[in-house]
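Please treat every number below as a calculation from the coordinates, not as lab data. The structure presented is a predicted model; accordingly, all values stated were derived computationally and were not measured. As a convention, Cβ positions derive from the backbone with ideal geometry for all residues, glycine included, and neighbour counts pool all protein chains shown.
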Protein chains: 2
Amino acid sequence: MRLHTCTGAPSPRRVTLFLAEKGIELDTVEVDLKAGEHLSDEFQAKSPECTVPVLELDDGTCLWNSIAIRQYLESLHPEPPLLGREALERARVTQYVLWIEHNGMMSAAEAFRNAAKGMADHALPGRRPVPQIEALAERGTRRFGHFLDDLDGFLAERDYVAGDAFTVADIDALVMIDFGCRVTSSELDARANLSKWYERVRSRPAIRAEG
Amino acid sequence: MRLHTCTGAPSPRRVTLFLAEKGIELDTVEVDLKAGEHLSDEFQAKSPECTVPVLELDDGTCLWNSIAIRQYLESLHPEPPLLGREALERARVTQYVLWIEHNGMMSAAEAFRNAAKGMADHALPGRRPVPQIEALAERGTRRFGHFLDDLDGFLAERDYVAGDAFTVADIDALVMIDFGCRVTSSELDARANLSKWYERVRSRPAIRAEG
């Protein structure tokens, strides 16, 4: 089993922080996104949307979605549980992971991909050319601010994003905050619950060790 | 336990077809989207994004994401399995459900919400006003065609979206095809694998019974 990844990119980080929290070590293959290696025929055969991460099993089967990769790895390495402990908690974790994906990841990606010079004709992942839309970059930046506001509101009521335990929802919120604040020039300061949560999560040994 | 729903809307249909395939009957509450009932304070307290469906448990806990609702109901009613039978299949089902959400649901929603007169300032769900972007409606229609093309390609290799068994990935593909073809004036005819799959799925007793 090996993980095709790109160190520093947000989607792979959703999986590598999960591995770190679990204490799992996997063989990794670095994919050179800047050189366009992910857009090759060979890579597309592993990942139809030409995205990292990809988990390639020994028989060649590939999983090419971060959430699906974590679900599979959790079944192989159930401890510590990071997708929730019982049925209702697991459903809540899924709900918040998808809320973060729709509101945090999509808005940050819209802000970045529709404005960055290097992303002209790559406003969406994949090999089909997708032109940038300036209004969508602006909307992405506004939405990312709303994402931070709403997350701050959720964290008024609890210590972690999906409840009273650290889960993948916290990993994803951290990853999207680090990426989205950078590309939208946002800051957490005025959001007190979110700032406290951020320090709580950043101080976890596995996450601090990331460097 | 009761399901807040709106008959005919695509997201609730992802859950109601799942219930029909399982043979589960739940109490339902119709939410009048046309009258804006979902935008009330009372409804937002159940569903932060003001969307249906919402599964409300007897203690008042609410799940407000279709995928999370199905995950919870599958844990209560495991037979027949609609989220996959073993770990790798379950991960593949998740992967295709999310692929359909990103490529089919988002593109159809972009096409619809950025063009429909009744959706002015509602280009995204929720109570914050989001103006329409004409270029995003056009992009949504193009992307929806790509979604159909790619799905047709996947179905060249297998009978169902995620493998050799009917799962929620087929429910979601059906729901998004019915919704997206209507709002983008797309047709399946030229996509032979997809057309055959569509007939196969539409002829299932639980789905045919929907009327």
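The trypsin sites (Lys or Arg not before Pro) of the stretch A:133-178 meeting both criteria, a DSSP state outside H, G, I, E and B (loop) and at most 15 other C-beta atoms within 10 angstrom of the site's C-beta, are A:Arg158. The loop-placed trypsin sites (Lys or Arg not before Pro) in the stretch A:1-41, going by DSSP, that have at most 14 neighbouring Cβ atoms within 10 Å of their Cβ come out as A:Lys34. Peptide B:91-101 shows a mean partner chain C-beta count of 5 within 10 Å per residue C-beta. Considering only beta bridges that DSSP places wholly inside chain A, some 55 percent are antiparallel. Sparse packing (at most 12 other Cβ atoms within 10 Å of the Cβ) combined with a DSSP loop state is found for the following GluC sites (Glu not before Pro) in the stretch A:121-187: A:Glu157, A:Glu187. Where only DSSP H runs of four or more residues are counted, chain A gives -15500 deg cm²/dmol as its mean residue ellipticity at 222 nm, each run worth -39500 (n - 2.57). Shape of chain A from the C-alpha gyration tensor: oblate (a/c of 1.5 or more and a/b not above b/c, with a ≥ b ≥ c the square roots of its eigenvalues).
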